[in-house]
Structure formats: structure tokens, C-alpha cells
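Report on the structure given below.
The values are calculated or read from the model by the stated rules, or taken from the named source; none is laboratory data. Just so it is clear, the structure is predicted and the values come from calculations on it, not from any experiment. As a convention, Cβ positions derive from the backbone with ideal geometry for all residues, glycine included, and neighbour counts pool all protein chains shown.
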Amino acid sequence: MAQTSKIVLIGFMGSGKSTIAASLAPKLGFDLCEMDTRIVEASGLPSIPAIFQEHGEAYFRALESQVAKSLTNIRHVVISTGGGVITNSENMGYLKHEGLVIYLKATFATVCERIGDISTRPLFQDSSRALSLFTERTPIYESFADVTIETDGVSTDALTRQIVSTLENLR
Ligand code: S3P
């Protein structure tokens, strides 16, 4: 774990993975990798909703796994995952390979507040279904986390500083 240069952010939709990854990567001098962007690129379609609409969730998950596999040996990178990446343990095998997994934890109320525009999230169209997913996934995020960061009410800058100092303490 020490000296890791592959940082993997996991957490539910709206937990702040993309925002924190974009803030953290330059602080560490690492590249930023957005898994959802890579999935969209691999699909040849314009967006995540378009992938779900044209081909369904199973197709999206297959692309997500291909992308996760392609990141097995990547280094000097902060990876922002999609919220459902943890539903396939093989994905986590690829991502955890010489990587440090940081779980960005937030309450359901916070993720609802942060998400705002739900149109880009096919699995957040119905809030009671989203709450079930949240409840189902919480123990899975916890089981894969090397480090858990509570994000409720904490600014991006403060979270970034907290993660940088956590990493320094691990070294
Ligand atoms: C998903 C989360 C999304 C995206 C897709 C599926 C999920 O990413 O990968 O819509 O299953 O939770 P974000 O967590 O960045 O919203």
C-alpha cells in the first residue's frame, strides 16, 4: 500500500468522486482518469444515458469492466469511478491491483442535494429506487475501502487536503 501512485475513488452517485479527483490529481502531480468518460469513448455514443437507452445497463457494465481491466497497471493517476463499479468484484480486483481505494462517504440526503440534474444519471431517475441502491451498495463500498472519508458538509478543498495528508501518513 505504501508509495501507491494509483488512487481509486469510489462512492455513490453524487458523493463527489469527479470533483475530488479533479482537485486531488494536480495536487499529487498525477493524471486524472474518469472511468465514465472512457466508457463513453469506448461506446462511440455521446453519453452515458445514450448507452443505457440504446443498449441497456448490461452493455454499460460490460464496457465498465473492460475499462476497469485496462486500468490494472496504470500508475501516477487518480481514478474517478462510476458509482456502480463495485457491483462487480472483478472490477475491484483490477482497480485494487497496487492501488489505494478511497471511499467518499455521504448520506443519501447529501447525494440528492449534490446531484441536482438527474438527467445524466439513468439509475437516479426514481428516488426510491436510488435509495434502495444506496442502501444495498453501502456495505459493498465499505468492504472495498482502504480509506473512508466522510464528506458531508466538508468543502472540496478541505477534503482534498485531508486526502493528501492521509496519503502522506501512509507513506
Ligand atoms: C452509475 C453511476 C454513474 C455512471 C452510470 C451508473 C451507478 O457514475 O457510471 O450512470 O450505477 O451508480 P457517477 O457515480 O459518476 O454518477
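Within the range 31-48, residues that are under 10 Å from Glu64 (Cα atoms) sit with their Cβ atoms under 7 Å from residues that are assigned to a strand (DSSP E or B) and modelled with pLDDT of 95 or more, at 6+ positions apart or across chains, in these pairs: Met35/Ile79; Met35/Ser80. One residue stands out among those in the range 1-36 that are more than 16 Å from the ligand (Cβ to nearest atom) and in contact with an Asp or Glu (Cβ under 9 Å, 6 or more places away or on another chain): the one that is nearest to Ile74 (Cα to Cα), which is Lys6.
Does Glu113 count as outside any loop (DSSP other than H, G, I, E, B), over 16 Å from the mean Cα position of the chain (by Cα) and surrounded by fewer than 16 Cβ atoms within 10 Å (Cβ to Cβ)? Break it down into steps so the answer makes sense when it comes.
Numbers: outside any loop (DSSP other than H, G, I, E, B): yes; over 16 Å from the mean Cα position of the chain (by Cα): yes; surrounded by fewer than 16 Cβ atoms within 10 Å (Cβ to Cβ): yes.
Judged against the criteria, Glu113 is a match.
Pick from the range 112-126 the residues that are in contact with a Phe, Trp or Tyr (Cβ under 9 Å, 6 or more places away or on another chain) and more than 9 Å from the ligand (Cβ to nearest atom): which of them is nearest to Thr37 (Cα to Cα)?
Filtering the range 112-126 down to residues in contact with a Phe, Trp or Tyr (Cβ under 9 Å, 6 or more places away or on another chain) leaves 112, 115, 118, 122-123.
After this cut, where a residue has to be more than 9 Å from the ligand (Cβ to nearest atom) as well, the list is 112, 118.
Details: Cys112: 22, Ile118: 17 Å.
For the range 112-126, the residue satisfying everything is Ile118.
None of Ile102, Ile74 is touching a residue at least 60 places away in the same chain (Cβ under 8 Å), under 20 Å from Ile7 (Cα atoms) and away from the ligand (no atom under 16 Å from the Cβ) except Ile74.
Return yes or no: is Tyr94 aromatic (Phe, Trp, Tyr), part of a helix (DSSP H, G or I) and more than 12 Å from the ligand (Cβ to nearest atom)?
Values: aromatic (Phe, Trp, Tyr): yes; part of a helix (DSSP H, G or I): yes; more than 12 Å from the ligand (Cβ to nearest atom): yes.
For Tyr94, the condition - aromatic (Phe, Trp, Tyr), part of a helix (DSSP H, G or I) and more than 12 Å from the ligand (Cβ to nearest atom) - is met.
Answer yes or no as to whether Ser80 is among the polar types (S, T, N, Q) and within 16 Å of the ligand (Cβ to nearest atom).
Yes.
Quick check on the range 140-161. Is at least one of its residues within 13 Å of the ligand (Cβ to nearest atom) and either assigned to a helix (DSSP H, G or I) or of a type outside the set (A, V, I, L, M, F, W, C) (or both)? Break it down stepwise before answering.
Initially, the range 140-161 is screened for residues within 13 Å of the ligand (Cβ to nearest atom), giving 140-141.
Then keep just the ones that are either assigned to a helix (DSSP H, G or I) or of a type outside the set (A, V, I, L, M, F, W, C) (or both); that gives 140-141.
Yes, that holds for at least one residue.
Residues that are in a loop (DSSP other than H, G, I, E, B) and either over 16 Å from Tyr103 (Cα atoms) or basic (Lys, Arg) (or both) within the range 5-34 comprise Ser5, Gly29, Phe30, listed in sequence order. The condition of being of a type in the set (D, E, K, R), more than 14 Å from the chain's Cα centre (by Cα), over 20 Å from Phe30 (Cα atoms) and modelled with pLDDT of 95 or more holds for only one of Glu64, Glu150, Glu142, that being Glu150.
I need the full set of residues from the range 71-91 which are surrounded by 14 or more Cβ atoms within 10 Å (Cβ to Cβ), more than 11 Å from the chain's Cα centre (by Cα) and either among the charged types (D, E, K, R) or not in a loop (DSSP other than H, G, I, E, B) (or both), in order please.
From the range 71-91, those surrounded by 14 or more Cβ atoms within 10 Å (Cβ to Cβ) are 71-72, 74, 77-88, 91; that's our starting set.
Next, only the ones that are more than 11 Å from the chain's Cα centre (by Cα) stay: 71-72, 74, 77, 87-88, 91.
Scanning the range 71-91 gives Val77, Thr87, Asn91.
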